[in-house]
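Trainee: Here you go, one structure.
The values are calculated or read from the model by the stated rules, or taken from the named source; none is laboratory data. All figures in this text were calculated on a predicted structure; none of them were measured in a lab. For neighbour counting, all protein chains shown are included, and Cβ atoms are generated from backbone atoms with ideal geometry for every residue, glycine included. Note: areas computed on protein heavy atoms with side chains; ligands, DNA, RNA excluded. Shrake-Rupley method; radii C 1.70, N 1.55, O 1.52, S 1.80 Å.
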Amino acid sequence: MAILETAQDIYGSKSTALYLMDKGMVQYLAGRYTDSIQSLSAAEALTEDLYTLRIHTEVEAFLTSDNALPYEGEEFEKVLLNVFMAIDYVHLGQWNDALVEARKVDHKLTVLADRNRARMTYNKDALARYLSGILYEATGDLSNAFVAYRLALEAFEYYRKSYGTAVPDLVRQDLLRMSAALGLNQEHQEYRQAFPGIMWQTESASQSNGELVFITHAGLAPLKRDLFVDIPFGVDALAVVLATKPYERYDSRDQRVTQSILYGLTGRVVRLAIPQFVPRRSMIAYTEAVILGGETRYVARSALMEDITAIAVKDLEDRLFRTTVKSAARAAWKYALAEAIRVGVRESFGDKNTGALAGAVAGVIARSLAIASEEADKRSWATLPDRIFVGRLRVPPGTYDVELRHVGAYGGVVATQVLKGVTITERGKHFVSTRVLQ
């Protein structure tokens, strides 16, 4: 944490929002919830300001690279700011403040759906909707909890089509439970027909119990890398490109320097830099919570609520055409500028031979700098997890040791955590958040 406190200069003035995002996430994982709220809230305010000021920095970015733009965060990152602030408030016992963040999420998603429905896949957030349902339920607002769970089901069905995320039985159980508790007989019967075989428990059957809500943040979010597309004009330029291309998928910095010089000498190569996500997938398939209460053993399994890697990759793919066109226009402008410098230097000399030599040297330098400066914007909220799982376990009131077993795709336990002295009150909800890097 101390390292991050002193690392703001490394992020640079254009990435202040990203620094605050990373700082807030680290504080959240360290249990410093008040500090996390301050950092994430500052990041949210900055991203909102940057969205309105974006037009003024677009010109600079066109002339150099998108790294000249202040980082305002991806749309899903902006929503997750409020999700994590809501969880921060829950850990502090400030349920009403958590609901304020839930309402902010609702507003953001509504605006996002209206603005980006035809262009971007991400316009719903299942995790945010589901957590909103839990928050409303915890404060006794069953009507809004039911609405939130219904929106969560809609979002999960959208996730299944868009990202391959399965619809969890948890949300089906909650809709059956809430519709029965509210006396919504028609909706309840419709859900029973739609969800055959789903086992669920009525509110009255467990009203004296409390509930453990366990959230697992598994793995690490993907990282962006440069994918360079070198376009040669002519056979000689093609031969140079093929000779300098590495077998690895991504170029190293040394290879990029060499290529910049050689392409500058060739004079007939245009480089495009396209950002591409490299996944850092977690081994975790689910988390199992185990509580021993006397002779009774209580067990519940979590469900995948948010596949951040899948969302990030798809979000970037949705912007691929616009990003490529912008990169191509910038590369063409740089190439034209380099040619103009070459011609300008050549014509500035009285002696034709000297002018030709000076122009050629100036052209090589200008083209090499143009190629070397072409770089994709690789910034992202990399301290986010790869996936987020949520589970719920109802138990009688008491103080328990909670064992969390993080299970891999093949059924083996990858990691185990034991939380000592977790107190669960009657009809109360106790949240626990854990991070597993495997």
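Trainee: Can you give the relative contact order of the range 62-160 as a percent, counting alpha carbon pairs under 8 Å and 6+ residues apart?
Mentor: Over the range 62-160, the number comes to 22 percent.
Trainee: With +1 on each Lys and Arg Cβ and -1 on each Asp and Glu Cβ, and nothing else charged, work out how big the dipole of the range 128-169 is about its Cα centre, in Debye to the nearest 20.
Mentor: 180 debye
Trainee: Can you give me the % of accessible surface on the range 122-215 that is carbon or sulfur? Probe 1.4 Å, all protein chains present, nothing else counted.
Mentor: 44 percent
Trainee: For the pairs Lys78/Lys420; Lys124/Lys326; Lys108/Lys326; Lys23/Lys104; Lys124/Lys314, flag any whose C-alpha to C-alpha distance is greater than 25 Å.
Mentor: Lys78/Lys420; Lys124/Lys326; Lys108/Lys326
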